[in-house]
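Following: one structure in C-alpha cells, then a few remarks.
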Amino acid sequence: MTDVIMPQMGESIAEGTVTKWLKKIGETVKRDEPLFEISTDKVDAEIPAPIAGVLTEILIQPGTTVEVGTVVGRIGVAGSAVAAAPQPHAVPPAPPVSAAPAPPPPAPPAPARPAAPPPPLPAPPPAADSFAGASFASDRSRDGMTTGELRMARSSPVVRKIAQEYGVDINEVPGTGLGGRVTREDILSYVESRKGAAIRRDAPPTPYAPTPAVAAPPPAPVPVRPPVTPPPVPVVPPPVPRIPTVAPPVADSGPTTMRFTTVTPSAPGAPALAPAPIAPHVPPVTPPAPPAPPAPAHSTQTGPVARPVSARVEVVPMSPIRKKTADHMVLSKRTSAHVSTVWEVDMTRVAALRAKYKPLYEERSGVNLTFTPFIVKAVTDAIKAFKVLNASVDGDSIVYHKDINVGIAVALDWGLIVPVIPAADEKNVLGLARAVNDLGERARTKKLKVEEVQGGTFTITNPGVFGSLFGTPIIPQPQVAILGVGTIEKRPVVRDDAIAIRTMAYFCLTFDHRIIDGSEADKFMAHVKNGLQNFDESAL
C-alpha cells in the first residue's frame with residue numbers, strides 16, 4: 001500500500017486544496033497518470049500517481065485544504081484490488097463520524113443480544129489486519145461455507161470491526177453493497193433503527209405526557225384575545241381628522257376661519273360641547289395619526305419579504321483561486337494609487353506582418369503567430385526607455401528591476417492566472433510566440449510550475465479577445481503597471497483628410513501614481529504606439 005501525499009508545489013506554499021479526484025476508488029491507475037487536481041495560492045495543477053496499481057482509499061475529499069505532506073489517498077497493488085474494493089464504500093462515509101457519539105445509546109440494547117453475538121465474535125478478531133478479509137476467504141472453500149460465513153467473508157475488516165463494537169450480528173443486517181456485502185452504512189443504519197425501536201418500546205408514555213401539558217397554555221391566551229377587540233374605541237378618533245377637511249364652511253365666513261373650523265365638527269354632535277373637545281384633539285391628531293398605521297404595516301412586512309428573497313438565491317463557496325484573486329485585487333486597490341490612460345493604436349502594419357509570417361511560423365516551427373508577441377516586443381522596447389514602468393515600491397524606496405519578466409494574463413474557466421515570460425526582452429518575435437503558446441496551453445491543462453507564475457515585473461492582459469473595446473485593469477502587486485489591450489478590429493478612421501479602413505485597437509495603461517507621473521506614463525505609451533505602428537520587420 002503506497003500513500004499519496006499533498007505535494008510541495010513551491011518553497012512558499014504550505015498547503016493545498018484538493019479540487020477533484022480524476023480516478024475513483026477501485027480504478028486502476030498507471031504510474032505518472034493524472035490522479036487528482038489541487039489548487040494553491042499560486043497555481044492549479046494535476047498531480048500524477050506515484051506508482052501503478054489500484055486506488056484503494058480517498059482520505060481527503062474535494063474542497064478540503066490540507067498541509068503539504070498530508071496523506072490524501074492510498075494506492076494498492078493490483079492483486080489486492082479485490083480485498084480493498086469494499087473499502088471505498090467505508091471510506092467516503094468518513095464524514096458521518098457523527099454516528100460515533102452513538103455508542104452510549106447502544107449500551108442498553110447490548111445485554112438484550114449477548115446470546116447471538118458470541119458465535120460470530122471469535123471470527124472477527126483477525127479482522128484487525130487489513131488483509132484479514134482475504135485470508136478468511138482463502139482458508140476455506142466458499143462451497144462449504146454457511147450463509148453467515150459467506151456474509152462475514154464478503155464484508156470488509158472495517159465493517160466487521162464496527163459490527164463487533166456495536167454488538168451487531170452481521171447475519172441480521174441486510175447488505176446493500178456489491179454482491180450483498182454489508183457496508184458500514186448498513187451497520188450504522190441497523191444500529192440507529194434498533195435504537196429507535198428500543199426508545200419507542202421502552203418509553204412510549206413519556207412523549208405523550210408533555211403533549212397535554214403543552215395544549216393547556218392555548219386556552220389562557222384565548223381570553224386575552226377578546227379584550228383586544230375593544231381597541232376599536234381608540235379608532236374613533238380617526239373621524240376627527242376628517243373634520244379639518246371640511247373646508248366648505250370656511251368659505252362662508254372668511255375672517256373667522258379659526259372659529260368656523262371648530263364649529264364644523266360640532267355639527268355631528270352637540271353644538272355647545274363640540275368646540276371644547278375639538279381644540280385639544282386637532283394638534284395631536286394631525287401629526288401622529290398618519291404615521292401610526294403605516295409603522296406596524298412596514299414592520300410586519302419586513303420579515304416575510306426577506307424569506308422569499310433568500311429562498312431564491314444560491315450560495316456557492318469561492319474556489320481557492322477565486323479567493324486568492326479577490327484578496328490580491330483588494331490589496332492592490334488599497335496599496336497603489338491607480339490611474340489609467342487610454343490610447344488608440346493603429347495595428348494595420350502589425351496585422352499585415354502577422355498575415356505574411358503566420359503560415360511560415362506554422363510550417364517551420366509549428367507555432368501559432370498571434371498579436372500578443374508583437375505587443376510584448378513593443379512593450380519590452382518601451383520599458384528599456386522608461387525603467388520606472390519595470391519597478392516596484394518598497395516602503396519609501398523604488399526598486400528598479402534589471403530583468404524584464406512579462407506576465408501574460410490567461411482567462412480560464414475556473415479563474416484567472418498570469419504565467420510569466422522571463423527575460424522577455426531577450427527574445428525575438430518567434431521566441432515570444434513560442435513562450436506565449438506554451439504557457440497558455442499549460443495553464444489551461446494545469447501543467448504550470450509554481451516558479452512559472454512568479455517574478456513578473458510587468459503584466460499584459462487582453463480582454464479584447466472577448467470583444468471589449470478597453471478596460472481599466474488592476475495592477476498586480478508588487479508591480480507598478482499593467483497594460484490592457486482591447487479588441488483589434490477594422491474601423492473607419494481619417495487619414496490624410498480621407499476616410500480609410502484601418503485595423504485599430506485601444507490600449508489602456510493602468511499605473512501606480514505613487515512613483516509614475518502621468519507625463520511619464522504617456523511617454524511610455526507613445527513609445528509603445530510608435531513601436532507597433534512602425535514595427536521593425538527584422539525582429540521577426
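Annotation: extensible slack from THR445 through GLU363 equals 27.1 nm (criterion: 0.36 nm per residue apart, minus Cα-Cα distance).
The amide H of LEU412, built 1.01 Å from its N in the peptide plane, has ILE417 as neighbours under 5 Å, considering only residues 5 or more places off or on other chains. For segment 57-71, putting each phi into the Karplus relation 6.51 cos²θ - 1.76 cosθ + 1.60 with θ = phi - 60° gives couplings of 9, 10, 8, 10, 7, x, x, 9, 9, 9, 6, 4, x, 6, 6 Hz, in residue order, rounded to whole numbers and with x for Gly and Pro.
Across segment 384-390, computed HN-Hα scalar couplings (Karplus, 6.51 cos²θ - 1.76 cosθ + 1.60, θ = phi - 60°) run 4, 8, 10, 5, 5, 6, 10 Hz from first to last residue, x flagging Gly and Pro. Peptides 342-350, 428-436 ranked from most to least packed give 428-436, 342-350, packing being the mean of other C-beta atoms within 10 angstrom over each peptide's residues.
Using R0 = 35 Å, the C-beta based FRET efficiency linking THR2 and LEU416 works out to 0.50. Of the trypsin sites (Lys or Arg not before Pro) found in segment 457-540, those that fall in a DSSP loop while having at most 15 other beta-carbon atoms within 10 Å are ARG514.
Remark: segment 394-507 carries 51 Å² of accessible area per residue (probe radius 1.4 Å; ligands, DNA and RNA excluded).
Our note on the geometry: Cα centres of segment 475-522 and segment 314-357, 13 Å apart. With every protein chain in place and a 1.4 angstrom probe, the accessible-area ranking of LYS387, LYS377, largest first, reads LYS387, LYS377.
The values are calculated or read from the model by the stated rules, or taken from the named source; none is laboratory data. Because the structure is predicted, anything quoted here is derived from the model rather than measured. Every residue, glycine among them, receives a Cβ derived from its backbone with ideal geometry; neighbour counts consider all protein chains shown. What goes into the accessible areas is simple: the full protein's heavy atoms, side chains included, and nothing from ligands, DNA or RNA. Shrake-Rupley method; radii C 1.70, N 1.55, O 1.52, S 1.80 Å.
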